Amino acid sequence: MERPHSLWHLFVAFSALAMQGFGGVIAVAQRELCERRRWLTPQDFVELLSGAQVLPGPNVCNLSLMIGDRFFGWRGALVALAGMIAAPMALMLALAWLLGEAANVGHAQEVIRHALAGIAAVAAGQIVGTVLKLAAPVKDHVLGWPACVALAALAFGMMAWLHWPLVWVLLGLGSLTCAGTYVLLRRRTTSKGSTA
């Protein structure tokens, strides 16, 4: 594994990451941090992302804080977060100004609406791609692949169709999953200890 050379290197990396991943930074983050820069293993990435998802706030901002902290402590956390939000914020302010200026020009609103629909389709595709990439480390999970897929489908159903808030899905299903994983790991450890 490699690591960023400096705080500036960390800032530039997260700025580049943020500007590549409009609407789907997690897919880009996985490719950049694990495959291209090799700062994290896929397993490390999944673990950090899992932690980032249960904390309040945007997942990718939480992830950038955690990765920055891992390499440079609190300074790294601040620099990684600044890299993640500075360039997109400047771009969004410029786009907001441009849209405000163009709002009353001809068919601008319809063109903008169609452009945003296209962007939404791309973002959805990125999310599906990320799920498929991040599913690879799950095959080695103690619960087994079928149970993990069933739990993911159950969590999706609870939020999409039953409209349960994420916090209740995490507390309920997440707690049961953690308890089940603990029991299975404990059994595995106990059985290895008795055979040794």
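Nothing in this text is a laboratory measurement; each read-out follows from the coordinates by a stated rule. Treat the numbers as computed from the prediction; the structure is a model and nothing was measured. Note that we place each Cβ from the backbone using ideal geometry, even for glycine, and neighbour counts take in every protein chain shown.
Restricting the calculation to Cα atoms, region 1-43 shows an Rg/Rh of 0.96 when the hydrodynamic-style radius is the Kirkwood one. Using the alpha carbons alone, the radius of gyration of region 141-196 stands to its Kirkwood radius in an Rg to Rh ratio of 1.14. A straight chain from I112 to V149 at 0.36 nm per residue would run longer than the Cα-Cα distance by 9.6 nm. How many percent of all Cα-Cα pairs in the chain sit more than 26 Å apart? Tail fraction, whole percent: 47. In the chain, the calculated helix contribution to ellipticity at 222 nm averages -25000 deg cm²/dmol per residue, counting -39,500 (n - 2.57) for every DSSP H run with n ≥ 4.
If you take all other residues with their beta carbon under 15 Å from the beta carbon of H9, and give Lys and Arg +1 and Asp and Glu -1, the sum is +4.
For L63, what charge total do you get from the other residues with a beta carbon under 13 Å from its beta carbon, if Lys and Arg give +1 and Asp and Glu give -1? Spelling it out: positives minus negatives among the neighbours equals -3.
Listed peptides 155-162, 29-36 appear in the order 29-36, 155-162 once ranked by packing, highest mean of other Cβ atoms within 10 Å at the front.
Once the chain from L185 to Q53 is taken as fully extended at 0.36 nm per residue, the excess over their C-alpha distance is 45.2 nm.
State the Cα centre-to-centre distance between region 113-188 and region 43-105 in whole Å. Each part reduced to its Cα centre gives a spacing of 22 Å. Each Lys or Arg adds one and each Asp or Glu takes one away; over the other residues whose Cβ falls under 14 Å from the Cβ of L81, this sums to +1.
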